[in-house]
Amino acid sequence: MKTIATPAGMQAWSRDRQADGKRIACVPTMGFLHDGHLSLVRRARELADGVVLTLFVNPTQFGPGEDFAAYPRDAARDLDLCRRHGVDAVFMPADESMYLPDHSIYIAEESLSGTLCGASRPGHFRGVCTVVAKLFNCVLPQVAVFGQKDAQQIAIIRRMVRDLNFPVEIAVAPTVREPDGLAMSSRNARLDADSRKSALGLSRALREAACAYAAGTRDSAAVLAQMRTTMERAGLRVDYAAAVDALTLKPVAALADGVLLAVAAFAGGVRLIDNQVL
Ligand code: AMP
């Protein structure tokens, strides 16, 4: 497995392989890898001949006062996991090689980014689009794999790829959960014992909503109110509970197949998200 630190080195590695007719898959991550990330690697291996995992805690997607400094990091452990899971190259650029001191170009998606996580994290998706575009330009992949866990991110990246004509196919892998239902997240490492218990409120709220839908409930407002109650009872501070169209992210009044239920809440000081497609 090759470890690559510079954009030029990454491009050269990919071009070499593509000259031999190889198809490259990119798995963008911020590291502190868990089974969710590794499921994306498995999917990437099915879709391409060479898998590049990117390991970069992107400063531009964190707002002031968010957890950029506290975000968990362990590059040695991540590299070991990559080696054992068949990653061909890890791109782990230093902050300075990704963002030059006078970096002044950003990519802002202007329709889907104002809602859900974008409403409570202004500038977050501008940072995400900018870094994903940069990672695509460094890795030069034919396909990139993202997790359903970040459903809004998928909608926005698909829009960016469409609107800016990136020649990259976007693949999505299902959310991987702990045995008790909590969606895996690098941020789970920051939960203390009480917050870890409270955190179950997110997946519980989604499960209850899916059951209510299966039992015939169609009124979004009623289901969302119940989801909030469940999360609050678990000890969470709710950021949002929403029922939206999975592509447009516009709220829907009536639940239907394909509707995205999305939640965000704070467990202790840690912001967690989860979602479920009906
Ligand atoms: P992150 O390192 O949290 O930025 O996530 C990197 C990629 O892994 C994103 O495409 C996420 O959607 C995906 N991911 C994170 N958690 C999970 C999970 N529990 N299951 C599946 N994919 C995930």
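Here, each number is a calculation from the coordinates, and none is a lab measurement. From a predicted model like this one, the values you see are computed outputs, not experimental measurements. Quick reminder, even Gly has a Cβ in these numbers, built from the backbone with ideal geometry, and neighbours come from all protein chains shown.
On a C-alpha basis, how far is the centre of segment 225-267 from the centre of segment 93-167 in Å? Whole number, if you could?
Between the Cα centres of segment 225-267 and segment 93-167 lies a distance of 23 Å.
What length, rounded to one decimal in nm, is gained on full extension from ALA119 through to ARG233, with 0.36 nm per residue of separation minus their alpha-carbon distance?
Numbers: separation 114, 0.36 × 114 = 41.04 nm, distance 2.40 nm.
So the chain would gain 38.6 nm between ALA119 and ARG233.
Going by average Cβ neighbours within 10 Å, how do the peptides 78-85, 25-32 rank, with the highest at the top?
Working: 78-85: 16.9, 25-32: 24.8.
Per-residue Cβ counts within 10 Å, averaged per peptide and sorted highest first, yield 25-32, 78-85.
Most mobile of GLY235, GLY127, GLY63 per a Gaussian network model of the chain (Cα springs, under 10 Å)?
GLY63
What fraction, in whole percent, of alpha-carbon pairs in the chain exceed 34 Å separation? Please list the in-between numbers first.
On the way: 7360 of 38503 pairs.
The calculated P(r) of the chain puts 19 percent of pairs beyond 34 Å.
For the chain, set up a Gaussian network in which alpha carbons nearer than 10 Å are linked by springs, and say which option among VAL41, VAL168, VAL145 fluctuates the most.
So, out of VAL41, VAL168, VAL145, the one fluctuating most is VAL168.
What angle, in degrees between 0 and 90 and rounded to the nearest 10, separates the Cα long axis of helix 220-233 from the longest principal axis of the Cα atoms of the chain?
With rounding to tens, the tilt is 80 degrees.
Output the 0 to 90 degree angle, nearest 10, between the alpha-carbon long axis of helix 7-19 and the longest principal axis computed from the alpha carbons of the chain.
Roughly 80 degrees, rounded to the nearest 10.
Just to confirm a number: summing +1 for Lys and Arg and -1 for Asp and Glu over residues other than GLY63 whose beta-carbon lies under 14 angstrom from that of GLY63, what do you get?
Numbers: positive: ARG121, ARG126, ARG271; negative: GLU66, ASP67, ASP239.
Summing Lys and Arg as +1 and Asp and Glu as -1 gives 0.
Using a Gaussian network model on the chain with a 10 Å cutoff between Cα atoms, which of ALA12, ALA214, ALA243 fluctuates the most?
For the chain, modelled as a Gaussian network with Cα springs under 10 Å, the answer is ALA214.
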